[in-house]
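What follows is a set of notes on a single structure, which appears directly below.
The values are calculated or read from the model by the stated rules, or taken from the named source; none is laboratory data. Quick caveat: nothing in here was measured; it's all calculated off a predicted structure. Positions of Cβ are backbone-derived with ideal geometry, glycine not excepted, and every protein chain shown enters the neighbour counts. Surface areas here come from the heavy atoms of the whole protein model, side chains and all, with no ligands, DNA or RNA. Shrake-Rupley method; radii C 1.70, N 1.55, O 1.52, S 1.80 Å.
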Amino acid sequence: EGGSINITCSTSGPLAGVYLKQRWPKSTSVIYYEDKKQPTVDECFRGRVAFSGLQHNLTITLSRLRLQPADAGAYVCQAVMDDVVWGPGTLVLVTDE
């Protein structure tokens, strides 16, 4: 609790954009990112998310010393290509300080 995590979304091939979605325990689009455009960030994560890299190799950091137990869950990257491609997912556990 109060720390930060990095989740990296990587893919090859041309992309229209990339989502980071929380799939469990609730379904939320955390961010939508396209190169050279302002990212869309869910209001629950505004002010707590940073980006590095480009959309084909994007690292999303959830932090600002405000990682909370409610942030625990299963997160997955979704590449928007000709078809939608889902990544394998990342399980995030948040414990007490």
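Of note:
- Being touching a residue at least 12 places away in the same chain (Cβ under 8 Å), assigned to a loop (DSSP other than H, G, I, E, B) and touching a strand residue (DSSP E or B) at 6+ places or on another chain (Cβ under 8 Å) is a property that holds for residue 26.
- Subset of region 51-73 (residues that are surrounded by 14 or more Cβ atoms within 10 Å (Cβ to Cβ), out of contact with any helix residue (DSSP H, G or I) (no Cβ under 8 Å at 6 or more places or on another chain) and part of a strand (DSSP E or B)): 51, 53, 58, 60, 61, 73
- Criterion violated by residue 65 - all others in (1) at positive phi; (2) hydrophobic (A, V, I, L, M, F, W, C); (3) at pLDDT 90 or above satisfied: (3)
- Selection within region 10-50 - of a type in the set (Gly, Ala, Ser) and either out of contact with any Phe, Trp or Tyr (no Cβ under 8 Å at 6 or more places or on another chain) or open to solvent by less than 50 Å² (accessible area, probe 1.4 Å) (or both): 10, 12, 13, 16, 17, 27, 47, 50
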